[in-house]
Amino acid sequence: MIEKSQKWLAKYVGFKSAYHIVFTTYIILVSIPLILLGYLFDCIQFMIIGSLIINTLRSYTYGYHNKSNLKCTIFTYTMLIIFGYISKSIPSEWTFFIAVLSARYIYINAPLELTHKNKSRQWHRNKIQYLTIGCLIISIIAHYFNFDLIASDILWSLNVVAITLFKDIDE
């Protein structure tokens, strides 16, 4: 549906403008329910941090995709709520250990597919490496300044990417 909307809009405003309009609209439509669910389930901070990190990393790693947009939305929101609770309940020292293992797993196994078609596999791996190491460093700094929940949110976001790093058998 997004592609159809973009093609229709491109007739009137051009492809580049249509892409930006449709992409921005999509982000807003997805973000509003995430923020509301985060508020309702008291994990708004993880919803925001997690969705930013997970979406950024998955744009290079690929990973599990549902065939139905509704199933994808339900799966994503459920995972974010569950890991939002987990990030608040497990000490960041343990979370850091688990996240280091997840970062290693991500680096070894990703990308499952080249998401940026004109770029090489090594280019994807370099981006993944920079992002995972950056997340680990930022979480260490956050922990040092006693922002343990932020550190935990960042680390559990890496764990979510590692957990969803597989392809559907039916693909």
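Need pairs with beta-carbon distance below 6 Å; first residue touching a residue at least 40 places away in the same chain (Cβ under 8 Å) and within the stretch 103-132, second in a helix (DSSP H, G or I) and surrounded by fewer than 17 Cβ atoms within 10 Å (Cβ to Cβ); sequence gap 6+ or separate chains.
So the pair list comes out as Thr115/Ser59.
Hey, any hits in the stretch 74-81 for a residue that's assigned to a helix (DSSP H, G or I), free of Cβ contacts under 8 Å to residues at least 40 places away in the same chain, within 22 Å of Ala151 (Cβ to Cβ) and of a type in the set (Val, Ile, Thr)?
Step one: of the stretch 74-81, the residues assigned to a helix (DSSP H, G or I) are 74-81.
Within this subset, residues satisfying the condition of being free of Cβ contacts under 8 Å to residues at least 40 places away in the same chain are 74-76, 78.
When the remaining residues are screened for being within 22 Å of Ala151 (Cβ to Cβ), the result is none.
No - not one qualifying residue is present in the stretch 74-81.
Given the options Lys7, Lys71, Lys67, name the one that is over 15 Å from the mean Cα position of the chain (by Cα), exposed (fewer than 12 other Cβ atoms within 10 Å of the Cβ) and in a helix (DSSP H, G or I). Steps first, please.
Numbers: Lys7 fails: exposed (fewer than 12 other Cβ atoms within 10 Å of the Cβ); Lys67 fails: in a helix (DSSP H, G or I).
Being over 15 Å from the mean Cα position of the chain (by Cα), exposed (fewer than 12 other Cβ atoms within 10 Å of the Cβ) and in a helix (DSSP H, G or I) holds for just one of Lys7, Lys71, Lys67, which is Lys71.
State whether the residues of the stretch 155-164 include one that is more than 13 Å from Arg58 (Cβ to Cβ), in contact with a helix residue (DSSP H, G or I) (Cβ under 8 Å, 6 or more places away or on another chain), surrounded by 21 or more Cβ atoms within 10 Å (Cβ to Cβ) and among the small types (Gly, Ala, Ser).
No, the stretch 155-164 contains no residue that is more than 13 Å from Arg58 (Cβ to Cβ), in contact with a helix residue (DSSP H, G or I) (Cβ under 8 Å, 6 or more places away or on another chain), surrounded by 21 or more Cβ atoms within 10 Å (Cβ to Cβ) and among the small types (Gly, Ala, Ser).
Taking the options Ile90, Ile81, name whichever one is of a type in the set (A, V, I, L, M), closer than 18 Å to Ser152 by Cα, touching a Cys at 6+ places or on another chain (Cβ under 7 Å) and surrounded by 14 or more Cβ atoms within 10 Å (Cβ to Cβ). Step through it out loud before you land on a result.
Working: Ile90 fails: touching a Cys at 6+ places or on another chain (Cβ under 7 Å).
Testing whether each residue is of a type in the set (A, V, I, L, M), closer than 18 Å to Ser152 by Cα, touching a Cys at 6+ places or on another chain (Cβ under 7 Å) and surrounded by 14 or more Cβ atoms within 10 Å (Cβ to Cβ) leaves just Ile81.
Does Tyr85 satisfy the criteria of being outside any helix (DSSP H, G or I), assigned by TED's automatic domain parsing to the domain that holds Phe145 and aromatic (Phe, Trp, Tyr)? Before the answer, list the steps.
On the way: outside any helix (DSSP H, G or I): no; assigned by TED's automatic domain parsing to the domain that holds Phe145: yes; aromatic (Phe, Trp, Tyr): yes.
For Tyr85, the condition - outside any helix (DSSP H, G or I), assigned by TED's automatic domain parsing to the domain that holds Phe145 and aromatic (Phe, Trp, Tyr) - is not met.
Residue check, Ala110 against (1) among the hydrophobic types (A, V, I, L, M, F, W, C); (2) at pLDDT below 90; (3) surrounded by fewer than 16 Cβ atoms within 10 Å (Cβ to Cβ), all met but one. Which one?
Result: Ala110 passes all but (3).
The values are calculated or read from the model by the stated rules, or taken from the named source; none is laboratory data. Keep in mind that this is a model prediction, so the values were computed, not measured. Glycine gets a Cβ as well: all are built from the backbone with ideal geometry, and neighbour counts include every protein chain shown.
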